[in-house]
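Below is one structure, written out as structure tokens; the observations come after it.
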């Protein structure tokens, strides 16, 4: 099926969904339509034509440093200037659209971490359908640990809604956690649905679950809810290729709006007011990005020396045991690991002897003790 035919089908389904009143009687039908829509959107993304390059191809930028942050936004909102001010890497900026035609990388050194910052070409409406360089931009955005969505202070909410729509359309979920659903296919037994045990389930019922599964030709599966989940969240779980990425909304050109508007946006969750041109509140933006990266710094202290505070080992809070620390240093260290001595907030005594399962905290100091006195 061609791109045009798929887009026509997508438009027809979106129109039908918008015209259907949402209630208990229509929930099953709407769930089925959304599943069909999602399958078509996936098919459209996979159908990269000759101009779009190979399937799912992003920009060829080697991942360096401890983490990756992408700048996403409409053309001429200040992404290139932001990259230049934060990293010192020149990215062409001008008062006309599409100045940046490829991905420009830079590196920020912040709190001991090396953060790779990517200035991506301006996204436009229809990017998920590969308008402009949409697929390349979005494919690269999927590799980022945090996305900075740069918004024009004069129209932040309009831009935010459009950009979120484009990113959501290709499976990027911003500032969301994976749905509290377990989904397991089986060979027989039909669809076994277990509703949320902690309270009333208002979004998903058994009929809707079966309708969604039928669209995927799934006739035997166990579906268990652990929260009040929606039909779209069940579809995400079935699709299985969703990316859950923290996002910071950098409202740029803050000098162009009133104090009242600044206060309104500054109080909103995930928002940071900035001016890349005048270098206002860039520290506040970096602090918010650091918070969303959820990293910790751990310092080494070889036996008989002082802690090395200049080059911390950077770990993610979800993977910050002593064993993870050892593996980040070198994969072979854990083979001769005996125990570790730790100074810091993760222990009661300083130092405290711990095993490889011990969970570290930010700015802990660790000394590895090996077997056989090595």
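We did not get these values from a lab; they are worked out from the coordinates using the rules stated. Note that the coordinates shown come from a computational prediction; the quantities given were computed from them, not determined experimentally. Here the Cβ is made from the backbone with ideal geometry for all residues, glycine too, and neighbour counts use every protein chain on show.
Going from the alpha-carbon gyration tensor of the stretch 225-279, what semi-axes, largest first and in whole Å, does one get by taking the root of 5 times each eigenvalue? Mind dumping the intermediate values first?
Values: eigenvalues 261, 39, 11 Å².
Each semi-axis is √(5λ); the values are 36, 14, 8 Å.
Would you work out the relative contact order for the stretch 295-373, in percent, from Cα pairs under 8 angstrom that are 6 or more residues apart?
Values: 150 pairs, mean separation 29.0, N = 79.
Computed value for the stretch 295-373: 37 percent relative contact order.
Top mean-square fluctuation among 244, 216, 271, Gaussian network model of the chain, C-alpha springs under 10 Å?
Most flexible of the set in this elastic network: 216.
Going highest first, how would you order 31-38, 357-364 by mean Cβ packing within 10 Å? Could the numbers behind the result be given before it?
Details: 31-38: 21.5, 357-364: 17.8.
Per-residue mean Cβ counts within 10 Å order the peptides as 31-38, 357-364.
Compute the convex hull volume of the Cα atoms of the stretch 102-242, divide it by the residue count, and report the result per residue in Å³ as a whole number. Don't jump to the answer; show the numbers that get you there.
Details: hull volume 24.5 nm³, N = 141.
That works out to 173 Å³ per residue.
Which value, in Å³ per residue, describes the convex hull spanned by the Cα atoms of the stretch 173-330? If you can, show how the numbers build up before the last one.
Numbers: hull volume 35.1 nm³, N = 158.
Measuring per residue, one finds 222 Å³ for the Cα hull of the stretch 173-330.
Which value, in Å to one decimal place, does the Kirkwood hydrodynamic radius take for the stretch 295-373 when every pair of different Cα atoms is included? Could you put the intermediate results ahead of the total?
Numbers: mean 1/r = 0.0814 Å⁻¹.
Result for the stretch 295-373, one decimal place: 12.3 Å.
Can you work out the base-10 log of I(q)/I(0) for the chain at q = 0.07, 0.10, 0.13 1/Å, using the Debye formula on its C-alpha atoms alone?
After summing over all Cα pairs, the log10 values are -0.42, -0.81, -1.15.
At a 10 Å Cβ-Cβ cut-off, how would you order 1, 265, fewest neighbours first?
Details: 1 11, 265 18.
With the fewest neighbours first, 1, 265 line up as 1, 265.
Roughly how far apart, in whole Å, are the Cα centres of the stretch 229-288 and the stretch 300-353?
34 Å
Against the empirical 2.2 N^0.38 Å scaling, what ratio does the C-alpha Rg of the stretch 161-251 come to? Intermediate results must be reported in sequence, preceding the final value.
Values: Rg = 14.6 Å, N = 91, 2.2 N^0.38 = 12.2 Å.
So the Cα radius of gyration is 1.20 times the expected 2.2 N^0.38 Å.
Note the angle between two axes, namely the Cα long axis of helix 282-293 and the longest principal axis of the Cα atoms of the chain, as a number of degrees from 0 to 90, rounded to the nearest 10.
80 degrees
So how do 266, 283, 119 line up by other beta-carbon neighbours within 10 Å, fewest first? Please list the in-between numbers first.
Values: 266 14, 283 11, 119 29.
Starting with the residue having the fewest Cβ neighbours, the order is 283, 266, 119.
Can you sort 326, 213 so the residue with the fewest Cβ neighbours within 10 Å comes first? It would help to have the intermediate numbers written out before the result.
On the way: 326 21, 213 24.
Placing the least packed residue first, the sequence is 326, 213.
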